[in-house]
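**Student:** There's a structure below that I have some questions on.
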Amino acid sequence: MAVLVTGGLGYIGSHTCVELINAGIDIVVIDNLYNCKKSSYDRIKALVGKDFPFYKVDIRDAEGLQKVFDKEKIDSVIHFAGLKAVGESVEKPLEYFDNNVTGTLVLLDVMRKNGCKKIVFSSSATVYGMKNISPLTEDMEVGGVTNPYGRTKYIIECMLKDISASDSEWSVCLLRYFNPIGAHKSGTMGEDPNGIPNNLLPYIAKVAVGKLEKVNVFGNDYDTPDGTGVRDYIHVVDLAKGHVKAIEKLDTHPGLEVYNLGTGIGYSVLDIIHAFSEACGHEVPFVFAPRRPGDIDICYADPEKAATELGWTAQYDLKKMCEDTWRWQSNNPDGYRG
Ligand code: NAD
Ligand code: UD1
């Protein structure tokens, strides 16, 4: 039996495919290639030295999904497929609700029709909203989201809670990611955003490699030690390994569980710029700029529940996260290129 990985050629999905295969788990990948390159598939295969099936399918295409279920023996799903740019979601809310919410509805319906009732879902720390105080724990109230992207994550969490309450055969794991950064240590796989990056690490990496001029630090008057925003950055390979633990948990644990995947450590924007400067061997230029609307001062996880119940803790430190990002960026200044 195999795990169906939706959005498996994207940033987190591709790293998770590598860890699943390394753990001896069979996978089938689908992706509509909207935000990734097909060559990501070749790089995963080259890293693990193994072939696995890939289908270009959109999660909103019930017939396309059914064909995959007809052809492959799938007994669980890790669901990464989705749009994730906060700013874009404010401009195009309908596209976000259609892709993320409708897409998940279609996927869940096809799963149910095929008797496949185990799912790990990529949620986000964004569901904790602006009011909860870090360290964030899974039992805090969620839903105070500030943008359509965050709302899609919250709505899908609610859908999965309702489904699992209605039918005890479902096993559901909601993983709330903090800030995934880093790349595979080989330097052959990493984050490859289209256009100008919105998130901090890809932006810093583009400045370091000379593709952008300087980093804009959004706000230096937050209530934090150096005035810049504090986040819980987690190595993408640690995050990927969390999915292996979650999929193993589904096999023995019906019902719904929620886990934070973070390190529990908060770093400021300036901490990150300094660590990246060390990793790349030259100063990364930056300027202070106004706060970005919707940002909060501090956000980091309490990672205890994942440690006790999944036996998972993040292993890699900030130095490693920056070194691996730099290896990927400097080896691939133009990303996957096709
Ligand atoms: P990504 O864009 O690199 O990967 C998502 C993949 O899904 C892409 O390859 C894209 O082509 C595919 N996809 C999108 N819509 C699809 C559809 N309708 N049908 C089939 N495939 C589709 O993003 P990522 O950073 O790897 O994120 C993966 C998941 O984790 C997303 O759901 C995202 O919202 C969530 N997440 C990401 C972060 C982060 O910082 N990267 C943080 C929290 C949660
Ligand atoms: C953002 C999203 C969040 C999403 C997450 C992962 C917002 C408000 N939040 O989180 O919903 O789940 O990405 O995709 O967009 N920063 C700069 N300069 C930059 C970019 C960022 O100073 O050019 C700062 C930010 O103000 C923040 C920190 O760096 O303090 C991290 O920002 P970012 O990487 O965008 O992640 P989040 O805002 O935490």
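**Student:** Within segment 72-86, is even one residue in contact with a Lys or Arg (Cβ under 7 Å, 6 or more places away or on another chain), of a type in the set (Val, Ile, Thr) and more than 18 Å from Ala246 (Cα to Cα)?
**Tutor:** Within segment 72-86, none of the residues are in contact with a Lys or Arg (Cβ under 7 Å, 6 or more places away or on another chain), of a type in the set (Val, Ile, Thr) and more than 18 Å from Ala246 (Cα to Cα).
**Student:** Here is a further query. Would you say Gly187 is surrounded by fewer than 21 Cβ atoms within 10 Å (Cβ to Cβ) and closer than 30 Å to Arg327 by Cα? Spell out how you get there, then give the answer.
**Tutor:** Working: surrounded by fewer than 21 Cβ atoms within 10 Å (Cβ to Cβ): yes; closer than 30 Å to Arg327 by Cα: yes.
Yes.
**Student:** Among the candidates Thr126, Thr102, Thr146, Thr152, which residue alone is of a type outside the set (Phe, Trp, Tyr), more than 10 Å from ligand 1 (Cβ to nearest atom), over 21 Å from Ile247 (Cα atoms) and within 21 Å of the chain's Cα centre (by Cα)? Reasoning before the result, please.
**Tutor:** Values: Thr126 fails: more than 10 Å from ligand 1 (Cβ to nearest atom); Thr102 fails: more than 10 Å from ligand 1 (Cβ to nearest atom); Thr152 fails: more than 10 Å from ligand 1 (Cβ to nearest atom).
Of the residues listed, the single one that is of a type outside the set (Phe, Trp, Tyr), more than 10 Å from ligand 1 (Cβ to nearest atom), over 21 Å from Ile247 (Cα atoms) and within 21 Å of the chain's Cα centre (by Cα) is Thr146.
**Student:** Can you tell me which of (1) assigned to a helix (DSSP H, G or I); (2) within 14 Å of ligand 2 (Cβ to nearest atom); (3) under 23 Å from Leu239 (Cα atoms); (4) not β-branched (Val, Ile, Thr) is the one Ser134 doesn't meet?
**Tutor:** (1)
Yes/no per residue for (1) surrounded by fewer than 17 Cβ atoms within 10 Å (Cβ to Cβ); (2) among the aliphatic types (A, V, I, L, M); (3) in a helix (DSSP H, G or I); (4) under 20 Å from the mean Cα position of the chain (by Cα):
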residue	(1), (2), (3), (4)
Asp251	yes, no, yes, no
Gly264	no, no, no, yes
Asp271	no, no, yes, no
Gln329	no, no, yes, yes
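**Student:** Could you look through segment 156-181, keep only residues that are under 21 Å from Ser89 (Cβ atoms) and out of contact with any Phe, Trp or Tyr (no Cβ under 8 Å at 6 or more places or on another chain), and pick out the one that is farthest from ligand 1 (Cβ to nearest atom)?
**Tutor:** Among those that are under 21 Å from Ser89 (Cβ atoms) and out of contact with any Phe, Trp or Tyr (no Cβ under 8 Å at 6 or more places or on another chain), it is Cys158.
**Student:** Among the residues of segment 190-201 satisfying the criterion of being more than 8 Å from ligand 2 (Cβ to nearest atom) and either at pLDDT 95 or above or among the aliphatic types (A, V, I, L, M) (or both), which is surrounded by the most Cβ atoms within 10 Å (Cβ to Cβ)? Talk me through it step by step, then tell me what you get.
**Tutor:** Initially, segment 190-201 is screened for residues more than 8 Å from ligand 2 (Cβ to nearest atom), giving 190-196.
Still in the list and also either at pLDDT 95 or above or among the aliphatic types (A, V, I, L, M) (or both): 190-191, 196.
Working: Gly190: 28, Glu191: 23, Ile196: 10.
Once the filter is applied, the top-ranked residue is Gly190.
**Student:** Still on this structure, please answer the following. Identify all residues within segment 285-312 that are in contact (Cβ under 8 Å) with a residue 40 or more places away in the chain, surrounded by fewer than 20 Cβ atoms within 10 Å (Cβ to Cβ) and assigned to a loop (DSSP other than H, G, I, E, B); write none if there are none.
**Tutor:** Pro285, Pro290, Arg291, Arg292, Gly294, Asp295, Ile296, Asp297, Asp302, Gly311
**Student:** If only one of Pro180, Pro197 is free of Cβ contacts under 8 Å to residues at least 40 places away in the same chain and within 29 Å of Gly129 (Cβ to Cβ), which one is it? Please lay out each step first, then the result.
**Tutor:** Numbers: Pro180 fails: free of Cβ contacts under 8 Å to residues at least 40 places away in the same chain.
It is Pro197.
**Student:** Examine segment 234-249 for a residue that is at pLDDT 95 or above and near ligand 2 (Cβ under 9 Å from one of its atoms), and state whether such a residue exists.
**Tutor:** no
**Student:** Identify all residues within segment 26-43 that are within 18 Å of Val68 (Cβ to Cβ) and surrounded by 18 or more Cβ atoms within 10 Å (Cβ to Cβ); write none if there are none. Steps first, answer last, please.
**Tutor:** Narrowing segment 26-43 to residues within 18 Å of Val68 (Cβ to Cβ): 26-34, 36, 38, 41.
Across segment 26-43, the qualifying residues are Ile27, Val28, Val29, Ile30, Asp31, Asn32, Cys36, Tyr41.
The values are calculated or read from the model by the stated rules, or taken from the named source; none is laboratory data. Model, not experiment: these values are computed from the prediction. Every residue, glycine among them, receives a Cβ derived from its backbone with ideal geometry; neighbour counts consider all protein chains shown.
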